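Enquirer: Before I ask anything, here is the structure I am working with.
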Amino acid sequence: MESLNAERMSSSQREELMDQVKQQIIIANTQELLTKMGEKCFSKCIAKPGSSLDSSEQKCLAMCMDRYMDSWNLVSRTYTSRLQREKNFQ
């Protein structure tokens, strides 16, 4: 297995590596978001798991997932904005 040596990498190779790492982080964060959202909304909306969902469970899940995504997007935008402000002050 070839070890990574940043000193031997060209600038474009380092940028490519960083882009790949960023993509992997995005994928991992998305997977975690979906898992947590599913767990939280399922436990909130499904009292007795069965072979199908009734209309109130479907509505609850849809609303829960919408609220969860809205909240996650707000936190994400706020965090990104804060990071950008801190970067500008350095």
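The values are calculated or read from the model by the stated rules, or taken from the named source; none is laboratory data. As the structure is a prediction and not an experimental result, all values here were calculated from the model. Positions of Cβ are backbone-derived with ideal geometry, glycine not excepted, and every protein chain shown enters the neighbour counts. Side chains included, ligands, DNA and RNA excluded: accessible areas come from the protein's heavy atoms. Shrake-Rupley method; radii C 1.70, N 1.55, O 1.52, S 1.80 Å.
Enquirer: Counting only protein heavy atoms and a 1.4 Å probe, tell me what percentage of region 36-83's accessible area is made up of carbon and sulfur. Let's see the in-between values first.
Expert: Working: 2260 of 3840 Å².
The C+S portion of the solvent-accessible surface of region 36-83 is 59 percent.
Enquirer: Report, in degrees rounded to the nearest 10, the 0 to 90 angle that the Cα long axis of helix 55-89 makes with the longest principal axis of the chain.
Expert: With both axes taken from Cα atoms, the answer is about 20 degrees.
Enquirer: Right, here's the next one. Give the lysines reachable from residue 44 as a straight Cα distance under 20 Å; neighbours fewer than 8 places away on the same chain don't count.
Expert: 36, 59
Enquirer: Work out the length of the dipole vector of the chain about its Cα centre, built from +1 on the beta-carbon of each Lys and Arg and -1 on the beta-carbon of each Asp and Glu, and round it to the nearest 20 debye. Spell out each step's value before the answer.
Expert: On the way: 13 positive and 12 negative charges, 84 e Å.
Dipole magnitude for the chain comes out near 400 debye.
Enquirer: Please calculate how many Å² of accessible area the chain carries per residue, with a 1.4 Å probe and no DNA, RNA or ligand atoms counted.
Expert: 90 Å²
Enquirer: Related question: Sum up the charges of everything whose Cβ sits under 13 Å from the Cβ of residue 65, counting Lys and Arg as +1 and Asp and Glu as -1, but leave residue 65 out.
Expert: Details: positive: 36, 40, 44, 59, 67; negative: 39, 57, 66, 70.
With Lys, Arg at +1 and Asp, Glu at -1, the net is +1.
Enquirer: Note down the net charge around residue 36, summing +1 for each Lys or Arg and -1 for each Asp or Glu among other residues with Cβ under 14 Å from its Cβ. Let's see the in-between values first.
Expert: Values: positive: 40, 44, 67; negative: 32, 39.
Around residue 36, the charge tally is +1.
Enquirer: How much mean residue ellipticity at 222 nm does the chain get from its helices, if each DSSP H run of length 4 or more adds -39500 (n - 2.57) and you divide by all residues, to the nearest 500 deg cm²/dmol?
Expert: On the way: 2 runs with 70 residues, N = 90.
Rounded to the nearest 500, the figure is -28500 deg cm²/dmol.
Enquirer: Right, here's the next one. Less than 20 Å apart at the alpha-carbon level, and either on another chain or at least 8 residues along: which lysines does that give for residue 87?
Expert: 22
Enquirer: Label the chain by shape, choosing from rounded, prolate and oblate, from the square roots a ≥ b ≥ c of the eigenvalues of the Cα gyration tensor; if a/c is under 1.5 it is rounded, and otherwise prolate applies when a/b is larger than b/c, oblate when it is not.
Expert: Values: a/c = 5.01, a/b = 2.03, b/c = 2.47.
Because a/c hits 1.5 or more and a/b fails to exceed b/c, the chain counts as oblate.
Enquirer: Tally Lys/Arg at +1 and Asp/Glu at -1 over every other residue whose Cβ is under 15 Å from the Cβ of residue 21; what's the total? It would help to have the intermediate numbers written out before the result.
Expert: Values: positive: 14, 22; negative: 15, 16, 19.
So the environment of residue 21 carries a net charge of -1.
Enquirer: Can you give me the angle between helix 11-45 and the longest principal axis of the chain, using Cα atoms only, in degrees from 0 to 90, rounded to the nearest 10?
Expert: Result, in degrees: 10.
Enquirer: Next up: If the cut-off is 20 Å between C-alpha atoms, which aspartates and glutamates fall inside it for residue 48, apart from same-chain ones fewer than 8 positions away?
Expert: 39, 57
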